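Reviewing the structure listed below.
The values are calculated or read from the model by the stated rules, or taken from the named source; none is laboratory data. Just so it is clear, the model here is predicted, and its values are computed rather than measured. Cβ sites come from the backbone with ideal geometry, for glycine too, and all protein chains shown count toward neighbours.
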Amino acid sequence: MRSLLFVPGDSPRKLEKGLGSGADALLVDLEDSVALQAKAEARKATAEFLATARKETHRPRLYVRVNGLTTGLTDADLDAVMASGPDGIMLPKTVGGIDVSHLGAKLAVREAEYGIEDGGTAIIAIATENARGVFALGTLARASHRLAGVAWGGEDLAADIGAETNRGPDGLYTDPYRIARSLTLFAAAAAEVDPIDSVYTNFRDLEGLAAECREARRDGFTAKMAIHPAQVPVINEAFTPSGEALAHAREIVAAFAQNPGAGVVGIGGQMIDRPHLRQAERLIARAEALAAPL
């Protein structure tokens, strides 16, 4: 996945529009974008949408962002949507591996109840929305076989720590959020799952979004969340491996295949070692995953 688009779960019109956005995944939201008094109606609309959208031949992955485990609303969210078979659940306000394991147990019960393949429902954890979550990032590895991605968020974190803003006058994240971002990248790598960059809230500034995507890709992120359909093409372009990069990666793999005992090979006047081989293999695997049907 490259792009993950948030869509309010209480808006059938926006849900239908999301299907045609080109996003690799829709994050159907039952949390922040839905008022408390609208939760029940949002659950119903979300379940109906999932049941219909799953029948589409070509569709994005369908995730539901439930309300956090401390709200008392999670079980009602899962009871409403799991019968419709979402591809995954996004867990906000995650505090480490214990929360991921807790959600995994809830999913296992409902998979059994609704005849869904055991372990078939993936989890994406938003893992930096409070200070406790930042300190627990290292516990995500091996928390659950369901864990497919780790995302970070700066908006809720700013509220949790009492910051005036999370970006400086230059538009870039300030140090506390850059730390959270970096630690999320390391946590995802340790857990061997996708690292997912946070949203870019100024949805009219597509140039700023593109710049932030390039920085994220450079550092190792493989995807980014979006809050508006207009952001999706920009994100997809940034996180799609280029033909030139793929050709170079395949050249590296071929060179080591021809010299299986070598620690270093020469390509185009440059010395390429085995860490470069691993990078090349990962790039090729990501491109193949993007090309594979759902």
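Give me the pairs, please: first residue somewhere in the stretch 187-214 and within 14 Å of ALA226 (Cα to Cα) and in the same structural domain as VAL100 (by TED's automatic domain parsing), second residue anywhere and outside any helix (DSSP H, G or I) and among the small types (Gly, Ala, Ser), beta-carbon distance under 6 Å, and either six or more positions apart or on two chains.
ILE196/GLY149; ILE196/ALA151; ILE196/ALA223; SER198/GLY153; SER198/GLY154
If THR57 satisfies all but one of (1) closer than 28 Å to ALA287 by Cα; (2) surrounded by 21 or more Cβ atoms within 10 Å (Cβ to Cβ), what's the number of the condition it fails?
THR57 satisfies every listed condition except (2).
Please verify whether ALA125 is aliphatic (A, V, I, L, M) and assigned to a helix (DSSP H, G or I), treating the condition exactly as stated.
Details: aliphatic (A, V, I, L, M): yes; assigned to a helix (DSSP H, G or I): no.
Here the answer is no, as ALA125 does not meet what is asked.
In the stretch 227-244, how many are assigned to a loop (DSSP other than H, G, I, E, B) and either more than 24 Å from ALA280 (Cα to Cα) or more than 16 Å from the chain's Cα centre (by Cα) (or both)? Talk me through it step by step, then tell me what you get.
Within the stretch 227-244, the subset assigned to a loop (DSSP other than H, G, I, E, B) is 227-228, 240-242.
Still in the list and also either more than 24 Å from ALA280 (Cα to Cα) or more than 16 Å from the chain's Cα centre (by Cα) (or both): 227-228, 241-242.
Qualifying residue count for the region: 4.
As an exercise: evaluate GLU288 against (1) touching a residue at least 60 places away in the same chain (Cβ under 8 Å); (2) surrounded by fewer than 12 Cβ atoms within 10 Å (Cβ to Cβ); (3) charged (D, E, K, R) and give the number of the one condition it does not meet.
Here GLU288 meets the rest and fails (1).
Take the residues in the stretch 33-73 that are among the charged types (D, E, K, R) and more than 24 Å from THR201 (Cβ to Cβ); name whichever of them is nearest to the chain's Cα centre (by Cα).
First, the residues of the stretch 33-73 that are among the charged types (D, E, K, R): 39, 41, 43-44, 48, 54-56, 59, 61, 65.
Those left that are additionally more than 24 Å from THR201 (Cβ to Cβ): 41, 43-44, 48, 54-56, 59.
Numbers: GLU41: 26, ARG43: 22, LYS44: 24, GLU48: 23, ARG54: 20, LYS55: 23, GLU56: 22, ARG59: 17 Å.
The selected residue is ARG59.
Residues are listed down the side, and each one gets a yes or a no for (1) in a loop (DSSP other than H, G, I, E, B); (2) within 23 Å of GLU237 (Cα to Cα):
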| site | (1), (2) |
| --- | --- |
| ILE252 | no, no |
| ALA257 | no, no |
| ALA262 | yes, no |
| LEU277 | no, no |
| LEU283 | no, yes |
| ALA287 | no, yes |
| LEU290 | no, yes |
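Yes or no: the stretch 128-138 includes at least one residue that is at pLDDT 95 or above, buried (at least 24 other Cβ atoms within 10 Å of the Cβ), of a type in the set (D, E, K, R) and under 18 Å from the mean Cα position of the chain (by Cα).
The answer is yes; a qualifying residue exists.
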